[in-house]
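Below is one structure. I have some questions about it.
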Amino acid sequence: MSLSEKEKQRSAWRTQLKQTWQTVKYRIRATQPALQSGMGAIPHAKGTTFRVWAPHAEAVYVTGAFNNWHRSQIPLAREADGIWSINVPEAQIGDSYKFVLKHNGHQLLRTDPYAKDVRAPYHDGVVRNGYTAGIDTAVSNPPTHFQPPALHELVIYELHVGTFGDEDGNPPYNFEAVIQKLPYLRILGINAIELMPVKAFPGELSWGYNPNHPFAISQIYGGPEALKRLVQAAHAQGIAVIVDVVYNHFGPGELSLWQFDGWQQHGLGGIYFYNDWRSKTPWADTRPDYGRPQVRQYIRDNVRMWLDEYQIDGLRWDATSYIRNAHGHDGDPGADIAEGWALMQGINGEMAHRNPRHIRIAEDLQANPWLTEPIDAGGAGFNSQWDSQFVHPIREAIITPRDEDRNMLAVRDALQFRYGADVFSRVIYTESHDEVANGKARVVHEIAVADGHDGLAASRAALGAALVFTAPGVPMIFQGQEFLEDGWFDDKRPLDWQKATQNSGMVTLYRHLIALRRNLHGQTRGLSGPSINVFHVNDAAKLIAFHRWHFGGSGDDVIVVANFSNRVLKQYKLGFPHGGNWQVRLNSDLKAYHPSFSSHHVGTVTAVPGEYDQLATHATLSIGPYSVLILSQDGGEGFSKHNVY
């Protein structure tokens, strides 16, 4: 044997001896669980602790870049309740890793359920610094001084990160593209953005409602650090950030949680999921088992991650009806999931305790008032919910092609509807990602199809938008609605930002409506107040009028008049709550908003004594076709005579 061959042999022996010694060391360590708290990968000064829940595994190992992916070198020690853990001094921030579970003679390679960063193509977890799941001590990142707006001041803009950008090329776009548009949203008057889900999902294009790694932020959108930059940038612009969360199901595609430790019943999902009839949802048989303490803790830890690490201001829960009922609707008590209701109560209670200004929105769409009732009264504790009782009748009223078929009584009921005592316990809108897809389309598109032409689409869309910003509730618009984006929402189709220039007048109309809704000029405080009186409903003339107020008086009382007909109404008599001059703060019929509008002029309206509509005074006015007038009296706090639209 040559000298070089002997040296190679000695080197191989040394390498093998080193690996053997490393394995021996880890096996010795595996007799004692790691002392570092938390779930998943927890980096610290002396390495990284790995901890995972796998109650049916016979043995658990961690493998990764730190041990050249040797699958059986680093065993984890068994703790109580099916938990396994070990400290690995060699594992550092940035290292990729996976768990190896042994069950019934099979070796299962699994992504960490708590992985906050997951990389393609093999779904490897990446050790990251930041929030540590399962620790109830101080937050991992220092909290910002930003506070989200109070519920009655909130104006929400729902957007999809993958299609929101204004860049060359095709979707998906990313968090940076959203950051670039924040000044535009601030000028528009938006003070909260709602992000459709940004958790990791299979592939490159998705609405986001198919999360396969619930703790990981989509790398397609830029990953965890990019989301943090977006939140910080939004807060700097005075904009709160709400994220959509999906806890009614996980996956189903490329779902490492499925039969995670090898155990299952009836061929279903194993430890993270129901393994009986309750597993079934419209999306897959992957409803989480809310009855298992470890699964409840998993979801609770996920919520804490959003609030603590990412400083998110609120959550909008997707399809809560499928968390509280196996079939997703009321009137079926045999299918109620009591532990799902308790989960929502527990998380909402914790969020409210940590910060009463945290935004807690349910998408339930069953008109169930108990979603927004207080927890101590038996409610779920959300502070608002998407309102099906507004969107459907209002869309019907503006999309219906023939005036005689518009139902003013249904519009009245939509304006007055509330869940319990708080009028802001509902989110109101005419467009959302659901309302402009799944066989439905944008309001302007639906109107044009119904009418057979698009000549009246802008005016009726503006009519619906004006009601969103003047009715009691939390107003929300969907991306591009303000510049008349048409067609339907598709994750392959980017927003056409050229329309923001082509329809700049409509963008201005939305800006004016939002300014009035937020009382930015001290003239319309009542639009953010709790009170409404729909005092005039004329189903023959297709006109409705209502009074909004907070405390009442000049600059507070607001009158809204909406004409749902395609004709000018002249010398129209209406009741008013007070006598004197009422100034037109907004006339949606101005050609400055859209060239198809008629610019029917409406001057100052003077109310005189004489009861009408059960109000003490009355006045006559005129109003253009398919338009809205917003009126108030001078003299409110912070009042400005300027900015009358």
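The values are calculated or read from the model by the stated rules, or taken from the named source; none is laboratory data. Computed from a prediction, not measured in an experiment: that's the story for all the values here. Here Cβ is always computed from backbone atoms with ideal geometry, including for glycine, and neighbour counts include all displayed protein chains. SASA here: full protein model, heavy atoms, side chains in, ligands and nucleic acids out. Shrake-Rupley method; radii C 1.70, N 1.55, O 1.52, S 1.80 Å.
Of all alpha-carbon pairs in the chain, indicate the percentage at a distance above 51 angstrom.
Beyond 51 Å sits 20 percent of the P(r) for the chain.
Under a crude label model (7 Å from the Cα following the beta-carbon direction), how far is Lys591 from Arg493 in nanometres?
With each label point 7 Å from Cα toward Cβ, the separation is 3.2 nm.
Could I ask something else about it? For labels at Asn170 and Glu90 in the simple 7 Å Cα→Cβ model, what's the distance in nm?
The answer from the label model is 4.4 nm.
Based on the Kirkwood radius over alpha-carbon pairs, what is the Stokes-Einstein translational diffusion coefficient of region 393-544 at 37 °C with 0.692 mPa s viscosity, in µm²/s? Each step should come with its number before you reach the end.
Working: Rh = 16.3 Å.
It comes out at roughly 201 µm²/s.
As I understand it, the value is the acute angle between the Cα axis of helix 504-517 and the longest principal axis of the Cα atoms of the chain; what does it come to in degrees, rounded to 10?
For helix 504-517, the angle is close to 90 degrees.
From the mean inverse distance of alpha carbon pairs (Kirkwood) and the Cα radius of gyration, derive Rg over Rh for region 532-645.
0.95
Give the Rg/Rh ratio for region 167-209, taking Rg as the radius of gyration of the Cα atoms and Rh as the Kirkwood radius, to two decimals.
That ratio equals 1.01.
Let me ask something additional. So in the chain, what percent of DSSP beta bridges are antiparallel if you round to the nearest 5?
75 percent
Go ahead and run the numbers for FRET between His145 and Asp332, Cβ-Cβ distance against an R0 of 45 Å, rounding to 0.05.
Values: r = 46 Å, r/R0 = 1.02.
Computed FRET efficiency for His145 and Asp332 comes out at 0.45.
Let me ask you something else. Considering only protein heavy atoms and a probe of 1.4 Å, how much of the accessible area of the chain is carbon and sulfur, as a whole percent?
50 percent
Additional query: Can you give the FRET efficiency to the nearest 0.05 for Ala120 and Val608, using r as the Cβ-Cβ distance and R₀ = 56 Å?
Numbers: r = 72 Å, r/R0 = 1.28.
Plugging the Cβ-Cβ distance into 1/(1 + (r/R0)^6) gives 0.20.
Can you give me the angle between helix 3-29 and the longest principal axis of the chain, using Cα atoms only, in degrees from 0 to 90, rounded to the nearest 10?
That works out to roughly 60 degrees.
A follow-up question, please. Magnitude of the Cβ-charge dipole of the chain, K/R +1 and D/E -1, about the Cα centre, nearest 20 debye?
Result for the chain is approximately 1760 debye, rounded to the nearest 20.
With a 1.4 Å probe and all protein chains left in place, how much accessible area per residue does the chain have, in Å²?
In whole numbers, the chain has 38 Å² accessible per residue.
Fully extended, how many nm does the chain gain between Ala367 and Leu205 (0.36 nm per residue separation, minus their Cα-Cα distance)?
That works out to 55.1 nm of additional length.
Sketch the reach of a paramagnetic label on Ala540 as a point 7 Å from Cα along Cα-to-Cβ, and name the residues of region 567-601 whose backbone nitrogen lies under 18 Å away.
Answer for region 567-601: 567-575.
Could you work out how much longer the chain between Asn438 and Ala421 gets when fully extended? Use 0.36 nm per residue separation minus the Cα distance between them, nm to one decimal. Don't skip to the end; give the middle numbers.
Details: separation 17, 0.36 × 17 = 6.12 nm, distance 3.32 nm.
Going from the current span to full extension adds 2.8 nm.
Given points 7 Å out from each Cα along the Cα-Cβ axis, report the His266 to Asp413 separation in nanometres with one decimal.
3.8 nm
Now for a separate question. Return the calculated 222 nm mean residue ellipticity for the chain, to the nearest 500 deg cm²/dmol, obtained by summing -39500 (n - 2.57) across DSSP H runs with n ≥ 4 and dividing by the residue count.
Helix-only estimate at 222 nm: -7500 deg cm²/dmol.
Relative to the compact-globule scaling 2.2 N^0.38 Å, provide the ratio for the alpha-carbon radius of gyration of region 533-589. Each step should come with its number before you reach the end.
On the way: Rg = 12.0 Å, N = 57, 2.2 N^0.38 = 10.2 Å.
It is 1.18.
Still on this structure, I have one more. How would you rank 202-214, 348-360, highest first, on the average number of other Cβ atoms within 10 Å across their residues?
Going from most to least packed, we get 202-214, 348-360.
For Ala342 and Gln32 in the same chain, what is the full-extension length gain: residue separation times 0.36 nm, less their Cα-Cα distance, in nm?
108.1 nm
Work out the charge dipole of the chain with +1 on the Cβ of Lys and Arg and -1 on the Cβ of Asp and Glu about the Cα centre, then indicate which of Ile375, Gly610, Leu205 is farthest towards its positive end.
In the chain, that residue is Leu205.
Sticking with this structure for a sec: Calculate, for Ser599 and Gln294, the FRET efficiency according to 1/(1 + (r/R0)^6) with r their C-beta to C-beta distance and R0 56 Å; round to the nearest 0.05.
It comes out at approximately 0.30.
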